Amino acid sequence: MSPYHHGDLRRAILTAALDVIAADGPAALSLRDLARRAGVSHAAPAHHFRDRTGLLTAIAAEGFGLLAAATKESADLKEAGVRYVRFAREHPAHFQVMFTPSLLRADDLELTTARALSADALRTVVAQARHAAEDAEGTEEARDADGITDARLTGIAAWSVAHGFATLLLSHNLDDLVGDRAPEEVFETLTGLLFRPL
């Protein structure tokens, strides 16, 4: 096992951690084991991440940044959902960690910034969809009895469908249903069945 150059250590630890999480879940993560894999002293990872929670928080922050980049140019909600499912399939370890708040340092600046960028990407797509619907219907955006905007509820609905599908996909609950088809294609068909186009 050859040691990594110091400049590569942070990335090496992150990559090794993602491999462990993808194979065995976040509970299997150990800084000592990651240091052994990287060929460095057991204390070396702490210089970059402080502790296990810091490492998981860095993984989540990176994941939210990747998700924001993946969804920000979506033409509509359906495409955003397809990109969300693709992100989950291509980054399963990030996905597991991102949505488990108990693993993370909630006030971490890198995490809160990346999470906000990801949320903004979804809000932008929802706003575009709502404006298109209003233009088509000649109506203004409505509010429900509690004052929650339709746009907010639309965002929650879109996220719920995409996140639910991605979670079922990664936990292999959809293996028989998806078969040899691309999961994104199945998701697109699903949304077509559930929702009329905005």
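The values are calculated or read from the model by the stated rules, or taken from the named source; none is laboratory data. Only a predicted model underlies this, so the values are computations on that prediction, with no experimental measurement involved. Here the Cβ positions follow ideal geometry from the backbone for every residue, glycine too, while neighbour counts run over all protein chains shown. Note: areas computed on protein heavy atoms with side chains; ligands, DNA, RNA excluded. Shrake-Rupley method; radii C 1.70, N 1.55, O 1.52, S 1.80 Å.
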Of Ala158, Ala136, Ala166, Ala93, the only residue that is open to solvent by less than 60 Å² (accessible area, probe 1.4 Å), modelled with pLDDT under 95 and in a helix (DSSP H, G or I) is Ala158
Checked pairs for segment 184-195, first open to solvent by less than 90 Å² (accessible area, probe 1.4 Å), second among the aromatic types (Phe, Trp, Tyr), C-beta under 6 Å and 6 or more apart or across chains, list as Phe187/Phe165
Counting only residues in segment 11-53 that are closer than 22 Å to Asp107 by Cα and not in a helix (DSSP H, G or I), the one most open to solvent (accessible area, probe 1.4 Å) is identified as Arg50
